[in-house]
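The values are calculated or read from the model by the stated rules, or taken from the named source; none is laboratory data. Worth saying up front: this structure is predicted, and the values here are computed from it rather than measured. Note that we place each Cβ from the backbone using ideal geometry, even for glycine, and neighbour counts take in every protein chain shown.
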Amino acid sequence: MDKERLEALEDYVLQHIDEESDLLKQLDRDAHVNLLRPRMLSGHLQGRILKMFCRLLNPRHILEIGTYTGYATLCLAEGAAHDAEIHTIEVNDELEDFILKHLHKSKLKDKIHLHIGDAMRIIPTIDCIFDLVFIDANKRHYVEYYDLIFDKVRSGGLIIADNTLWDGKVLDEPHHTDKQTIGIQIFNEKIAKDERVEKVILPIRDGLTLIWKK
Ligand SMILES: C[S@@+](CC[C@H](N)C(=O)[O-])C[C@H]1O[C@@H](n2cnc3c(N)ncnc32)[C@H](O)[C@@H]1O
């Protein structure tokens, strides 16, 4: 399919799914005006998918690794039950004001616990067994995040990893300095071989891997 037709189809999809809330639209605009790399936020389609997973699975304890703006955090909160709790971890403390500005406008804010710091340090301090984990931080360290959270996910829980097709770069032999592509390739190989889980890659956006713990 040519690029123009693909874009038309993507627009068609967005016109035929649930709209984003006004708060998410504002947050998205604010990120595009004021932040570097606004494309990192999940966005309309992936946000509705994350919400839908929460509707389907009804997770009570959710962990997001890599908050960035809080866009996906709010989508997870929208789909989760009123008594669910969402822990989200962001290493970049310069984002804290941006995240809190939008979280505080949301009626879902009480479900969300924002942790500022390195996920590798913070995850062991959260005393919780998770029903759903969304891995979306440093691509170099996906394997380490996975190993760290695995025992903290219940049997039957779901791990979602974002960017697992990494703009198609997973197909190519990476330059030895391209640690992000190498990190994603190693992660994908590990998951493919891991018999403790069932897995599928959804070729949506930049690739979303769904990993279900047996
Ligand atoms: C792709 S963005 C997250 C997007 C967000 N999950 C969403 O879908 O809207 C990745 C974020 O992970 C953060 N990050 C990178 N390494 C991290 C770490 N070790 N611990 C916590 N956050 C990290 C980055 O600073 C960045 O804001």
(request) May I ask you to list pairs of residues, at least six apart or on different chains, whose Cβ atoms are under 6 Å apart, with the first in the stretch 183-202 being free of Cβ contacts under 8 Å to residues at least 40 places away in the same chain and the second being assigned to a strand (DSSP E or B) and among the basic types (Lys, Arg)? (result) Val197/Lys213
(request) Being in a helix (DSSP H, G or I) and more than 13 Å from the ligand (Cβ to nearest atom) is the filter here, so list the residues in the stretch 148-162 that pass it. (result) Phe150
(message) Regarding the stretch 185-198, can at least one residue be identified that is among the charged types (D, E, K, R), modelled with pLDDT of 95 or more, away from the ligand (no atom under 13 Å from the Cβ) and more than 17 Å from Trp212 (Cβ to Cβ)?
(response) yes
(message) within 13 Å of the ligand (Cβ to nearest atom), part of a loop (DSSP other than H, G, I, E, B) and closer than 25 Å to Phe187 by Cα: is that true of Tyr145 in this structure?
(response) no
(request) Report yes if Leu45 is more than 9 Å from the ligand (Cβ to nearest atom), of a type in the set (A, V, I, L, M, F, W, C) and free of Cβ contacts under 8 Å to residues at least 12 places away in the same chain, otherwise no. (result) no
(request) Can you tell me which residue among Val170, Val133 is part of a helix (DSSP H, G or I) and within 23 Å of Leu45 (Cα to Cα)? (result) Val170
(message) Looking for something more than 9 Å from the ligand (Cβ to nearest atom) and free of Cβ contacts under 8 Å to residues at least 40 places away in the same chain - is there at least one such residue anywhere in the stretch 131-139?
(response) no
(message) Can you tell me which condition Leu36 does not meet? The list is (1) over 30 Å from Gly156 (Cβ atoms); (2) assigned to a helix (DSSP H, G or I); (3) within 11 Å of the ligand (Cβ to nearest atom), and all the others hold.
(response) (2)
(request) Go through the stretch 70-128 and tell me which helices (runs of 4 or more DSSP H), entirely inside it, have 3 or more residues that are surrounded by fewer than 16 Cβ atoms within 10 Å (Cβ to Cβ) and more than 9 Å from the ligand (Cβ to nearest atom). (result) 96-103
